[in-house]
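Visitor: Once you've had a glance at the structure underneath, I'll fire off some questions.
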Amino acid sequence: MISKIICKTLFTGEDIQNNKCVIIEDGKIKEVVDNLADININDGNENYECNFLMPGLIDAHVHITGYSEKYLGTNPYKYVENFIKILVSRGITSVRDMGNSIEAVEYAKKWGEVNYNIDIVYSGPILDSIPLTWASSRIISGEDDIDLTISKLKQEGIDFIKVYKNITLQNLKEITKCATKKGLKVAIDSPYIPTELQIEEGVYSIEHISNLFANYAKRNQTENIVLGLNDKEYVNKIIEILKKHGTYCCPTLLTVERLLNPDLMLKDDSVDFMIPIMPYHKYIKQMQNKIGGFLGKKYMYDALGIDEKQLKKYRMEDVIQKLEKLLVKLVDNDINILIGTDSPNPTITPGFSLHKEMELWNRAGVPEIDILRTVTAKNSVVINDTVGFIKKDMKANLLLLNSNPLRNINNIQDIKGVFVAGKFVDNIDIKL
């Protein structure tokens, strides 16, 4: 079956074109036609029209994870299905999974093949040392564990290595060396190894803008961020090192800001869609009224390990503004930037959170065109070379919009439909 999409404005992942027709066949883009006069829309094929057409969105930092409160004997991976459904409903057609069980990702891929065939690249279990934070981790006790662990992960089909908080600098050296020999890149989330040393050891991407201040003042993470942001010489040095090594940074600004100011979680308007994935969000929803917020706030802060006195001491609103200015500085200095969300952290709803991350970037001062290029073409470097662009022979992952996001970035939410590998989707049943 051939499908044709006629659009007033086409964003290819690189540039803007007007009055185009994109032809899809066998799940791929067959061609982009310039002359609309030559298009027969009554030829018996599937034809669509939209105001704005662009590549499907790419979230460069998610975890397709969750849990169920259903009784034993029901589908243990229903949350995976809901996660993918919500992603697609919001125009996300490719993701980089930054830490998960092999089984969950295998289920996501197999289920996706017959439902919504999104692109998933993944690290599988993250490498960490005791005490662990996440169940889906492989324990690195010393250098002797590294080669065997990475070899096994590669045999299990992972695409890259994810290093987590308790890995030492010496073990990071061995991990990057071993991974490189096996053709695997290394992403890292570490607030403890100094940022410049992470970069010099050859990591491919640093996750979270907060980790650009890793161990800056040898204090807790909040104080490292606050004090580091005020050190212009340090910030310029990190930017210089990032640029020299070509290291990527995935800021996850929305997640970082909400951990610095958890009250923002209680204002989120997509919590309903988190309940089928992380059911504890039903309690966050209850906290969104005045009485619930008063009674539940202390519990929320304790659960997140947040020191409320410290947040008040450092005026988090000012810290957040400085982080946003740093993001703009990274973009202006042509640092390799990815856009991702760290969904499903508390209130970081799949799909919806990527739209909000884009909104934050724009509020900070990043132009709409740069945001669209990042969430498609630039993010594609961590997925594969068949996505992120609209051109001949690319996978037909497409987002059809009623309104132009170049005029207002929030128009990214005005979705008419989505193509996933050539399959048109305009109505997804999400069980809330």
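The values are calculated or read from the model by the stated rules, or taken from the named source; none is laboratory data. What you see is a predicted model; the values in this text were computed from it and never measured. Reconstructed Cβ throughout: ideal geometry from the backbone, glycine too, with neighbour counts over all protein chains shown. Ligands, DNA and RNA are stripped out before the accessible areas are found, and what is left, the full protein with its side chains, is counted by its heavy atoms. Shrake-Rupley method; radii C 1.70, N 1.55, O 1.52, S 1.80 Å.
Visitor: Go through Tyr204, Tyr234 for me and flag whichever is among the hydroxyl-bearing types (Ser, Thr, Tyr), more than 23 Å from the chain's Cα centre (by Cα) and open to solvent by 10 Å² or more (accessible area, probe 1.4 Å). Quick ask: steps written out before the conclusion?
Guide: Values: Tyr204 fails: more than 23 Å from the chain's Cα centre (by Cα).
None of the others qualify; the one that does is Tyr234.
Visitor: Considering only residues that are of a type outside the set (Ser, Thr, Tyr) and surrounded by 20 or more Cβ atoms within 10 Å (Cβ to Cβ), which ones fall in segment 327-341? Steps first, answer last, please.
Guide: In the first step, residues of segment 327-341 are kept if they are of a type outside the set (Ser, Thr, Tyr); the result is 327-340.
Leu327, Leu330, Ile337, Leu338, Ile339, Gly340 - these are the residues of segment 327-341 that are of a type outside the set (Ser, Thr, Tyr) and surrounded by 20 or more Cβ atoms within 10 Å (Cβ to Cβ).
Visitor: Taking the conditions exactly as written (open to solvent by less than 10 Å² (accessible area, probe 1.4 Å), hydroxyl-bearing (Ser, Thr, Tyr) and at pLDDT 95 or above), does Ser123 satisfy them or not?
Guide: yes
Visitor: If you don't mind, another one. Given the structure, is Thr168 more than 24 Å from Thr347 (Cα to Cα), in contact with a Gly (Cβ under 6 Å, 6 or more places away or on another chain) and either free of Cβ contacts under 8 Å to residues at least 60 places away in the same chain or of a type in the set (A, V, I, L, M) (or both)? Let's see the steps before the verdict.
Guide: Numbers: more than 24 Å from Thr347 (Cα to Cα): yes; in contact with a Gly (Cβ under 6 Å, 6 or more places away or on another chain): no; either free of Cβ contacts under 8 Å to residues at least 60 places away in the same chain or of a type in the set (A, V, I, L, M) (or both): yes.
In short, no.
Visitor: Also, quick follow-up: Kindly provide the set of residues from segment 204-258 that are touching a residue at least 60 places away in the same chain (Cβ under 8 Å), closer than 17 Å to Asp334 by Cβ and assigned to a helix (DSSP H, G or I), ordered by number.
Guide: Ile209, Leu212, Val235, Ile239, Leu242, Lys243
Visitor: Which numbered condition trips up Gly112, out of (1) modelled with pLDDT of 95 or more; (2) surrounded by 15 or more Cβ atoms within 10 Å (Cβ to Cβ); (3) touching a helix residue (DSSP H, G or I) at 6+ places or on another chain (Cβ under 8 Å)?
Guide: It is condition (1) that Gly112 fails.
Let's see how each residue does on (1) open to solvent by less than 20 Å² (accessible area, probe 1.4 Å); (2) modelled with pLDDT of 95 or more; (3) over 20 Å from Ala104 (Cα atoms); (4) under 26 Å from the mean Cα position of the chain (by Cα):
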site: Arg138; (1), (2), (3), (4): no, yes, no, yes
site: Asp144; (1), (2), (3), (4): no, no, yes, no
site: Lys154; (1), (2), (3), (4): no, yes, no, yes
site: Thr168; (1), (2), (3), (4): no, yes, yes, yes
site: Thr180; (1), (2), (3), (4): no, yes, yes, yes
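Visitor: If you don't mind, there's one more thing I want to ask. Out of all the residues in segment 34-51, which are loosely packed, with under 15 Cβ neighbours inside 10 Å and either outside any loop (DSSP other than H, G, I, E, B) or at pLDDT 95 or above (or both)?
Guide: Leu36, Ala37, Asp38, Glu46, Glu49 - these are the residues of segment 34-51 that are loosely packed, with under 15 Cβ neighbours inside 10 Å and either outside any loop (DSSP other than H, G, I, E, B) or at pLDDT 95 or above (or both).
Visitor: May I ask you to list the residues in segment 260-274 that are open to solvent by 50 Å² or more (accessible area, probe 1.4 Å) and either small (Gly, Ala, Ser) or assigned to a loop (DSSP other than H, G, I, E, B) (or both)?
Guide: Residue satisfying the conditions is Asp269 alone.
Visitor: Then there is this: Checking Leu132 against (1) among the aliphatic types (A, V, I, L, M); (2) over 22 Å from Asp426 (Cα atoms); (3) buried (at least 20 other Cβ atoms within 10 Å of the Cβ), which single condition isn't satisfied?
Guide: In the conditions (1) among the aliphatic types (A, V, I, L, M); (2) over 22 Å from Asp426 (Cα atoms); (3) buried (at least 20 other Cβ atoms within 10 Å of the Cβ), Leu132 misses (3) alone.
Visitor: Name the single residue, out of those in segment 56-82 being part of a helix (DSSP H, G or I) and of a type in the set (D, E, K, R), that is surrounded by the fewest Cβ atoms within 10 Å (Cβ to Cβ).
Guide: By that ranking, first place goes to Lys78.
Visitor: What single numbered condition from (1) open to solvent by 10 Å² or more (accessible area, probe 1.4 Å); (2) out of contact with any Lys or Arg (no Cβ under 6 Å at 6 or more places or on another chain) fails to hold for Phe160?
Guide: (2)
Visitor: Out of all the residues in segment 83-100, which are in contact with a helix residue (DSSP H, G or I) (Cβ under 9 Å, 6 or more places away or on another chain) and either among the aliphatic types (A, V, I, L, M) or assigned to a loop (DSSP other than H, G, I, E, B) (or both)?
Guide: Matches in segment 83-100: Ile84, Ile86, Leu87, Arg90, Gly91, Ile92, Val95, Asn100.
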